[in-house]
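For reference, the structure discussed in these notes is given below.
The values are calculated or read from the model by the stated rules, or taken from the named source; none is laboratory data. The model shown is predicted, which means the values in this text are computed figures rather than measured ones. Cβ sites come from the backbone with ideal geometry, for glycine too, and all protein chains shown count toward neighbours. Remember, those area values only see protein heavy atoms, side chains included, never the ligands or the DNA or RNA. Shrake-Rupley method; radii C 1.70, N 1.55, O 1.52, S 1.80 Å.
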Amino acid sequence: MVKVIASSVRKGNVLDVDGKLYVVLTAQNFHPGKGTPVTQVDMRRIVDGVKVSERWRTTEQVERAFVEDVSFQYLYEDGEGFHFMNPATYDQVVVDVETMGDQKAFLQEGMSCILSIHEGIPLALELPRHVTLEITETEPVVKGQTASSSYKPAMLSNGVRTMVPPHINAGTRVVIATEDNSYVERAKD
C-alpha cells in the first residue's frame, strides 16, 4: 500500500479504506474562503458494489492499493460482460457491467483502454480522452443566431446526448470528450 495525500486522488484510483478496496468514481477538491480545504470522493466498494461518499482534509493521508494499469484492447460485449484482450500476451479478461458504468456507451471495437487490475481482477477502466462519433440528430440552425457560445442539443451515434455549436448538422463526425460528454471539435477525417 502507498500513502498519498487526499488532494492527489483521481477518478479510477483504487483506495484501501479500513481494509476494504474502493474504486474512486469522482474526486473533487473544495477550497472554501474560510476553513480547511477538503477533498470530496465518491467511491464504489469492489466487493459488493456499494457506493460510498467520503470527505477528507486535502492534507490527510489515504492508502492507494497496488494496482497494475495495463493497456487492453476492447473486443466485444456479451451476456458475460465486456471482453478485453492484452495485445502483448493475448490474455483476455471480462469486465462486468457494474465496473463499466456509464463508460460503456463510448466503447468501440478495437479501442485501446487502460484497465486497472488488482490480483488478476479488473477494477476500473480508463477510456481514451477523446472519441470520434457521428451526430445522428440535431435541431436545424436558426438564421441570424450568433455563433458565440450558443450551443444546441444533439444525439450521438452511441445514444448519448451532448451540446454542439449551431454549425454542426446531422451526419457530421465530431470529437467528444469521454469524461463529460462534451463537444471538442469537428472530426478531421
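Only one of the numbered conditions (1) free of Cβ contacts under 8 Å to residues at least 12 places away in the same chain; (2) open to solvent by less than 30 Å² (accessible area, probe 1.4 Å) is violated by residue 58, and that is (1). Could you please find all residues in region 26-42 being touching a strand residue (DSSP E or B) at 6+ places or on another chain (Cβ under 6 Å) and either at pLDDT below 85 or not aliphatic (A, V, I, L, M) (or both)? Selection gives 26, 28, 29, 30, 36, 39, 40, 42.
Scanning region 8-45 for residues that are crowded, with 18+ Cβ neighbours inside 10 Å and either farther than 19 Å from residue 179 by Cβ or in contact with a helix residue (DSSP H, G or I) (Cβ under 7 Å, 6 or more places away or on another chain) (or both) returns 15, 21, 22, 38, 39.
Pull up region 95-131, narrow it to residues that are closer than 18 Å to residue 156 by Cβ and over 13 Å from the mean Cα position of the chain (by Cα), then point me to the one that is most open to solvent (accessible area, probe 1.4 Å). It comes out as 109. Say we look at region 153-179 and pick out the residues that are of a type in the set (A, V, I, L, M, F, W, C) and part of a loop (DSSP other than H, G, I, E, B); which of these is most open to solvent (accessible area, probe 1.4 Å)? My answer is 170.
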